[in-house]
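**Student:** A single structure is presented below for examination.
The values are calculated or read from the model by the stated rules, or taken from the named source; none is laboratory data. All values derive from a computational prediction rather than experimental measurement. Ideal geometry is used to build each Cβ from the backbone, glycine not excepted, and the neighbour counts take in all protein chains shown.
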Amino acid sequence: MLHLYWVIGASLGAVLADFLPFSLKGSEFAMTALFLVIFLEQWLKEPTHESSLIGIFVTAICLIIFGAKIFLIPAMLLILIALTVRQTAIRQKFTSTLNAQNAEQVKS
């Protein structure tokens, strides 16, 4: 019931998309800016940047290996695998860093 608005909205969008003229010209810049802002917000929030660095490194490697046309799917799959493998270690680093920050705040 909670996701009913999403299902109805997506269905209406799919039906009405054929009847409404819509140009995506210029959306490349907006999408790039959106993902940059999301990345920077995540970078500023996390005390350890391991997950962000994994994403950057894997994406760059996949871009070099697969080229600009098909690098995205292999990059996403490899990022998923890398983060799944490193999940426990990243969580431990995150928890220990937050505990250290909380201890410093209590001392202040």
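**Student:** Looking at segment 24-50 only, could you name the residues that are closer than 28 Å to Ala100 by Cβ and among the basic types (Lys, Arg)?
**Tutor:** Correct list: Lys45 only.
**Student:** Sticking with this one: Would it be correct to say that Gly67 is within 21 Å of the chain's Cα centre (by Cα) and on the phi > 0 side of the Ramachandran plot?
**Tutor:** Spelling it out, Gly67 is indeed within 21 Å of the chain's Cα centre (by Cα) and on the phi > 0 side of the Ramachandran plot.
**Student:** For Phe94, are the conditions met, namely being without any contact (Cβ under 8 Å) to a residue 24 or more places away in the chain and surrounded by 11 or more Cβ atoms within 10 Å (Cβ to Cβ)?
**Tutor:** no
**Student:** Out of the residues in segment 1-56 meeting the condition of being among the charged types (D, E, K, R) and under 20 Å from Arg86 (Cα atoms), tell me which one is surrounded by the fewest Cβ atoms within 10 Å (Cβ to Cβ).
**Tutor:** So, considering only residues that are among the charged types (D, E, K, R) and under 20 Å from Arg86 (Cα atoms), the one surrounded by the fewest Cβ atoms within 10 Å (Cβ to Cβ) is Lys45.
**Student:** Considering (1) under 23 Å from the mean Cα position of the chain (by Cα); (2) acidic (Asp, Glu); (3) at pLDDT below 90, say which one Asp18 fails and leave the rest.
**Tutor:** (1)
**Student:** Here is a follow-up. Starting from segment 56-83, keep only residues that are modelled with pLDDT under 95 and of a type in the set (D, E, K, R), then list their pairs with residues that are part of a helix (DSSP H, G or I) and surrounded by fewer than 13 Cβ atoms within 10 Å (Cβ to Cβ) whose Cβ atoms are within a distance under 6 Å, requiring at least 6 positions of separation or different chains.
**Tutor:** Short answer, once both residue conditions are applied: none.
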